Amino acid sequence: MTRIELRQLSWRVSSYTGNTGNCVEIATLPDGACAVRDTKDREGGVLVVGASQWSAFLTHIQQSA
């Protein structure tokens, strides 16, 4: 995996996020994978999820809603 400069990514949060402070941000990587981080600790760890796994995760959430 190529090293990614996290500051250069376009991070976003869900439009459904309230002001509770319990959110995550996501950024799409050049290879289609998704980086996920905690908004309370943006300098902390980042979880990188492959594109197909992220797509399966979103499908599961949409089907469970």
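Computed from the coordinates by the stated procedures, all read-outs in this text should not be read as laboratory data. In this text the structure is predicted, and so the values were computed from the model without any measurement. As a convention, Cβ positions derive from the backbone with ideal geometry for all residues, glycine included, and neighbour counts pool all protein chains shown.
How about segment 1-34: which of its residues are among the acidic types (D, E) and surrounded by 15 or more Cβ atoms within 10 Å (Cβ to Cβ)?
E25
Sort out which residues of segment 45-61 are in a loop (DSSP other than H, G, I, E, B) and in contact with a helix residue (DSSP H, G or I) (Cβ under 8 Å, 6 or more places away or on another chain), and write them in order of number.
V46
Which condition breaks for S55 when tested against (1) touching a Ser or Thr at 6+ places or on another chain (Cβ under 9 Å); (2) surrounded by 10 or more Cβ atoms within 10 Å (Cβ to Cβ); (3) among the hydroxyl-bearing types (S, T, Y)?
S55 satisfies every listed condition except (1).
Suppose we filter R42, R37 for residues that are basic (K, R) and assigned to a strand (DSSP E or B); which single one remains?
Only one candidate qualifies: R37.
Could you pull out the residue among G32, G21 that is in contact with a helix residue (DSSP H, G or I) (Cβ under 6 Å, 6 or more places away or on another chain), on the phi > 0 side of the Ramachandran plot and either aromatic (F, W, Y) or assigned to a loop (DSSP other than H, G, I, E, B) (or both)?
Testing whether each residue is in contact with a helix residue (DSSP H, G or I) (Cβ under 6 Å, 6 or more places away or on another chain), on the phi > 0 side of the Ramachandran plot and either aromatic (F, W, Y) or assigned to a loop (DSSP other than H, G, I, E, B) (or both) leaves just G32.
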